[in-house]
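Here the structure is laid out as structure tokens; the discussion comes afterwards.
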Amino acid sequence: MKDLTHNNREVNKYSFKLLEEEPVDSDLFEDRTHERIADSLFKLITTEKKGISIGLEGPWGSGKSVVISILRKKLKESNHSIPLIQFDAWAHE
């Protein structure tokens, strides 16, 4: 899209939309990988008799936050009183 500005100089005008980085709480991928990981973690957490710590590792954008959101939703919907504590190492780097 071209437009004229003062001094009759031609410039390009662009419109931008900023995207927010918020994890979703559902798996949008066809193979449901994030959902399957969250299911496995849910089974582990709800059947383990002792307290446990779980770490999710992966590169930026690999879906760690999505897995946590799905897991948090599953725990809430199942009415388990299991606390889920999330530590974001990137925020404290």
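Remarks
- Entry remark, segment 38-59: residues being within 13 Å of the chain's Cα centre (by Cα) and in contact (Cβ under 8 Å) with a residue 24 or more places away in the chain number 1 in total.
- On the stretch given as segment 41-78, residues that are open to solvent by 70 Å² or more (accessible area, probe 1.4 Å), more than 23 Å from residue 89 (Cα to Cα) and of a type in the set (Ser, Thr, Tyr) total 1.
- All positions within segment 17-29 that are at pLDDT below 75 and either open to solvent by 100 Å² or more (accessible area, probe 1.4 Å) or hydroxyl-bearing (Ser, Thr, Tyr) (or both): 18, 19, 20, 21, 22, 26, 28, 29
- Selected residue (criterion: modelled with the highest pLDDT) from residues of segment 35-79 that are outside any helix (DSSP H, G or I) and of a type in the set (Ser, Thr, Tyr): 78
The values are calculated or read from the model by the stated rules, or taken from the named source; none is laboratory data. All values reported here derive from a predicted model rather than from experimental measurement. All Cβ positions, even for glycine, are placed from backbone atoms using ideal geometry, and neighbour counts span all protein chains on display. Calculation scope for accessible area: heavy atoms of the full protein, side chains included, ligands and nucleic acids excluded. Shrake-Rupley method; radii C 1.70, N 1.55, O 1.52, S 1.80 Å.
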